[in-house]
Amino acid sequence: MAENSQTPESVTLTIDGRAVTVPKGTTILQAAEALGNRIPHYCYHPGLSAPAQCRLCLVEVEGAPKLQPSCITEVQDGQVVLTESEEATRQRTGVLEFYLANHPLDCPICDQSGECKLQDYVHAEGRKHGRSREPKRVFGRDDFGGDILFYGDRCVMCTRCVRFMNEMAQDPRLTVVERGNRSIIDTFFEEGVEGSPYAGNIVDICPVGALVSKDFLHKARAWDLDHKPTICPNCSQGCNIDLHVRDNRVQRLKPRANLEVNQYWMCDYGRHRYEWMNRDDRIESPVVNRSGQPVPSDWSEALEALHGRLEEGVRPVKAVASPFASNEDLAALRHLVDALGGGEIVYRLPRADREIPLPGFPRLSRRRDLAPNGRGAEILGMERVGDDEGAGGLDELAHYTGTLVVLGDELADLEADFGQQAALYIYVGSHPSPAASQADYLLPATTFAEQEGTFTNHEGRVQRFWPGLQAPGLARPAWLVLGALAARMEGGGVPTSAAEAFVQAAELAPEFQGLTYESIGTRGAIINEPVALPGA
Amino acid sequence: MSDETTERAPFRNPGWAGNTGEFELSEDEVRGRSYVGEHAPEGGHPSRVPTVPYMLPEKDPEAPLFEGPYAERFEKILSRYPNRRAALLPTLNLAQELRGRVSPETMAEVAQLLGLSDAYVRGVATFYTMYNKRPVGRYLIQVCTNVSCNLCGGDEVLAAFLEHTGTEAGEISDDGLFTVMEVECLAACGFPTAVQINSRYFENVTPDDVPAVLDRLREEAS
């Protein structure tokens, strides 16, 4: 909303004494948000319709006979809004007291504690002591199926979940049952929300601890979790997400708003595939394999020895890349292969049989390509091989006799004799496997969760991600390892940061030219070529 | 209505709100005179007139939705509303009239008929207390215990009904005839205690009237 004062259809109003200019049709709540003033609210959610039923966002508008719900009241020129006036504050305190009349005070065992809007609002503006002497009504908890558990007593009846299922998932399985203080969110008896591919989002948008994830149940406290911005690695949509990390382990994934990619949502398929980031079986130090004897090594020794081998003379190079590697990693591989005289690079990519779009926002879809960076590999001239399981396709390479470089691909489906006929077999990756462990040079790389980098999603949007986990042992980003090798071969500079590695990538791929980490920012940038959707 | 002309004349449709002319009811049945004792035959309070008989005494929980005259009435309901969703309440009424209650299966069938989600129909059906979500007896006896009736002994009337039917509130009596429940205002505050039995109103009911009313119902049922 930076340049909106220039647009003809703009409106200037005053909120709490500060003037703000916003486009016509903006609500008071959104205008206040533009000023950094977050008006308390439950039922309003930017991605859903606003029924104005929670009565928490009522603000004083000069000239209006009574308080106005700011989430649906559109701004008008010259309007004077008071969100902190005595009347507005008094009414919020009153509404909050009603919310607490039936809400259990089980914060110590509630998963939402620490990120709960009721907790926050009551702490800020609630009464110090409740006056209710009536017993609270009790519902207990209900299993909604799938990953969702419902604690009826904690519900504040904002109906965000009902509206998400109706408007976004367009699978109207949730409803308000009964009335008055017996009202409760429920499905059609035992139906549940199981099988709804986006149902996990109702846990995210629940402002209190009524809807919780079974996977995350009692696993960690909200205040112990570091939120690390990254990109979902589970398909080529490239949803913006946060890794929630405690004790160097990913505890859950949460969507991060990006209106052009995933709005506020993510699919359950992606949400529940994070355990592999916590795998403990890792390649932790460089291993040099001398005539069948694996010898752990350190980086300078291993790279020195490997450089010597490469100097001795390089046979024609063939390489295997991974679509789970960042643009920087893939470009560094391309760079190294080019430095060794050039050669074919292939990658394998698991593929689902269908897309799973979110009906209310079909631009968001669980894509068929089940890896984040197949597009990046394609841009860097790599060729896709193998089947839809992400297996096969490497039969020829398994018995290749030249120089073989593998980046990232775990080779889980291959036998231990993979690459044994190669003159030189270099494996750069994170997880050991029989086929990888036989490499002449086994070099530990970080996963995407442990490094900075970029992915190119299905529509050619380059998006940055940031490290969320500490890499184990001596694991280093592949762009650094491969970049160091290429620099030794060619005498160029070693990239010292992911941003520099991206600059080098842009030199290799014209599509990335003109982009920098700064210009990509947190929202991503589309590469300069007409968009061709894969799998169309 | 004029006093002289209507006293012995066949009952004529007085044109009250909601009378669709679909039921052949005698004036006695409409007025409920024989059940509540000595009331002026020309009538009294309009609340004694049933609007829609929202539950037939003969109920068939397995009755199909909707066939024969009910199919016609369902079509008629649909024609009154701009979309099918708006027709949900009267459709549920019709289903309950036929089956005596709105069971989960009924909700699902109605949802199917109207193109709504099952969950939505459940939400609506549970919002309104006059849809019976549980089975009820042949006669649903609803005793008002709201302010006026309460002041005039509504609780005693309720207790009398429970005693003489031998049931707990909301349960079905052993003979399957009666379900007694407490309701809020029946809009007959001038004639406490008001009792609604299926679609008929009984006014100025006292605990002493209760056995006679129940005997009359048993007789009718046999």
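The values are calculated or read from the model by the stated rules, or taken from the named source; none is laboratory data. Note that the structure is a prediction, hence the values are computed from the model and not measured. Glycine gets a Cβ as well: all are built from the backbone with ideal geometry, and neighbour counts include every protein chain shown.
Regarding B:Ala159, is this residue more than 19 Å from the chain's Cα centre (by Cα) and of a type in the set (A, V, I, L, M, F, W, C)? Yes: the conditions hold for B:Ala159.
Residues of the range B:77-97 that are touching a residue at least 24 places away in the same chain (Cβ under 8 Å) and not polar (S, T, N, Q): B:Arg84, B:Arg85, B:Ala87, B:Leu88, B:Leu89, B:Leu92, B:Leu94, B:Ala95, B:Glu97. Considered as a group, the residues in the range A:471-509 that are at pLDDT 90 or above, assigned to a helix (DSSP H, G or I) and not aliphatic (A, V, I, L, M) include one that is surrounded by the fewest Cβ atoms within 10 Å (Cβ to Cβ), and that residue is A:Glu507. If you check A:Gly130 against the conditions, is it under 26 Å from the mean Cα position of the chain (by Cα) and at pLDDT below 95? No. All conditions in (1) free of Cβ contacts under 8 Å to residues at least 40 places away in the same chain; (2) under 19 Å from the mean Cα position of the chain (by Cα) hold for B:Glu168, with the sole exception of (2).
In this entry, A:Asp329 is excluded by the filter for residues that are of a type in the set (Asp, Glu), surrounded by fewer than 18 Cβ atoms within 10 Å (Cβ to Cβ) and within 35 Å of the chain's Cα centre (by Cα). Screening B:Ile141 against (1) among the β-branched types (Val, Ile, Thr); (2) modelled with pLDDT of 95 or more; (3) in contact with a Phe, Trp or Tyr (Cβ under 6 Å, 6 or more places away or on another chain) leaves a single unmet condition, (2).
The helices (runs of 4 or more DSSP H) found entirely in the range A:314-406 that carry 3 or more residues being farther than 24 Å from A:Phe418 by Cβ and either touching a residue at least 60 places away in the same chain (Cβ under 8 Å) or in contact with a helix residue (DSSP H, G or I) (Cβ under 8 Å, 6 or more places away or on another chain) (or both) are A:327-339, A:374-379.
Being touching a helix residue (DSSP H, G or I) at 6+ places or on another chain (Cβ under 6 Å), assigned by TED's automatic domain parsing to the domain that holds A:Ala331 and free of Cβ contacts under 8 Å to residues at least 24 places away in the same chain is a property that holds for A:Ala506. Could you tell me whether any residue of the range A:473-495 is in contact with a Ser or Thr (Cβ under 7 Å, 6 or more places away or on another chain) and of a type in the set (A, V, I, L, M)? Yes. So, of the residues in the range B:63-113 that are within 14 Å of chain A (Cβ to nearest Cβ) and of a type in the set (S, T, N, Q), which turns out to be surrounded by the most Cβ atoms within 10 Å (Cβ to Cβ)? Top of the filtered list is B:Thr106. Being part of a helix (DSSP H, G or I) and more than 13 Å from chain B (Cβ to nearest Cβ) is a property that A:Phe139 lacks.
The set of residues in the range A:399-438 that are more than 35 Å from the chain's Cα centre (by Cα) and surrounded by fewer than 24 Cβ atoms within 10 Å (Cβ to Cβ) comprises A:His399, A:Tyr400, A:Thr401, A:Gly402, A:Asp417, A:Gln420, A:Gln421, A:Ala422, A:Ala423, A:Leu424. For the residues A:Val11, A:Val22, the requirement of being outside any loop (DSSP other than H, G, I, E, B) and more than 27 Å from A:Arg160 (Cβ to Cβ) singles out A:Val11.
Could you please let me know if A:Gly94 is closer than 22 Å to A:Asp153 by Cβ and of a type in the set (Gly, Ala, Ser)? Spelling it out, A:Gly94 is indeed closer than 22 Å to A:Asp153 by Cβ and of a type in the set (Gly, Ala, Ser). Taking the range A:225-265 as the range and being in contact with a strand residue (DSSP E or B) (Cβ under 8 Å, 6 or more places away or on another chain), over 17 Å from A:Thr454 (Cα atoms) and of a type in the set (A, V, I, L, M) as the test, the residues that pass are A:Leu225, A:Val245, A:Val250, A:Leu253, A:Ala257.
Looking at the range A:303-322, which of its residues are closer than 12 Å to A:Val346 by Cβ and among the small types (Gly, Ala, Ser)? Correct list: A:Ala319, A:Ala321, A:Ser322. It is to be established whether one or more residues within the range B:135-150 are surrounded by fewer than 22 Cβ atoms within 10 Å (Cβ to Cβ) and within 12 Å of chain A (Cβ to nearest Cβ). No; the residues of the range B:135-150 include none that is surrounded by fewer than 22 Cβ atoms within 10 Å (Cβ to Cβ) and within 12 Å of chain A (Cβ to nearest Cβ). Looking at the range A:147-233, the strands (runs of 3 or more DSSP E) lying wholly inside it that each contain 2 or more residues that are within 14 Å of another protein chain (Cβ to nearest Cβ) and not acidic (Asp, Glu) sit at A:175-177, A:184-186. Within the range B:114-134, the set of residues being more than 17 Å from A:Asp171 (Cα to Cα) and either within 13 Å of another protein chain (Cβ to nearest Cβ) or touching a helix residue (DSSP H, G or I) at 6+ places or on another chain (Cβ under 7 Å) (or both) comprises B:Val124, B:Ala125, B:Thr126, B:Phe127, B:Tyr128, B:Thr129, B:Met130, B:Tyr131, B:Asn132, B:Lys133. Each residue in the range A:234-260 was checked for being β-branched (Val, Ile, Thr) and either at pLDDT below 95 or more than 25 Å from A:Pro350 (Cα to Cα) (or both), and 1 of them qualify.
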